[in-house]
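We did not get these values from a lab; they are worked out from the coordinates using the rules stated. This structure is a prediction, so every number in the text was calculated from the model and none was measured. Quick reminder, even Gly has a Cβ in these numbers, built from the backbone with ideal geometry, and neighbours come from all protein chains shown.
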Amino acid sequence: MSVLEDLGRLSSAEDFFNYLDLPFEPSVVQVSRLHILRRMGQYLKGSEIDGAFDGLSDEEIKALCRSHLDQAYQDFVASSPIQERLFKVHKEAVAPKEEPQSNFVPLDSLKVV
């Protein structure tokens, strides 16, 4: 079984850290677990697109995955999920709000028949 298949079978953020032998602060992971894993996924996808996995051994892929997880983790040690805005709900929370269209009809525009 390959490293990427093993990662696909893991079920928690802590499992990822343990599998990749990466130390972590539980309080950071408790608050940002989904964000860390999503950011790691973004980094992995970028590497995959760039062909970084081509021709690598399982140990080299594991080291690259470890590096991406560490980078994602450090993003949230130095920042917060709200500041990083990975999820749609956070992006929309700071997006400028459009003024609702008004169906206002001034009284002086009405005519009595």
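Shape verdict for region 1-69, please, from the Cα gyration tensor: rounded (a/c under 1.5), prolate (a/b greater than b/c) or oblate. Prolate, since a/c reaches 1.5 and a/b exceeds b/c.
Between GLU5 and GLN71, the modelled label-to-label distance comes to 2.6 nm, taking each label 7 Å out from Cα in the direction of the beta carbon. Potential lengthening of the chain between GLN42 and PHE104 amounts to 17.7 nm, from the contour at 0.36 nm per residue minus the alpha-carbon distance. Among the GluC sites (Glu not before Pro) in region 25-84, none is located in a DSSP loop while being surrounded by at most 16 other Cβ atoms within 10 Å of its own Cβ.
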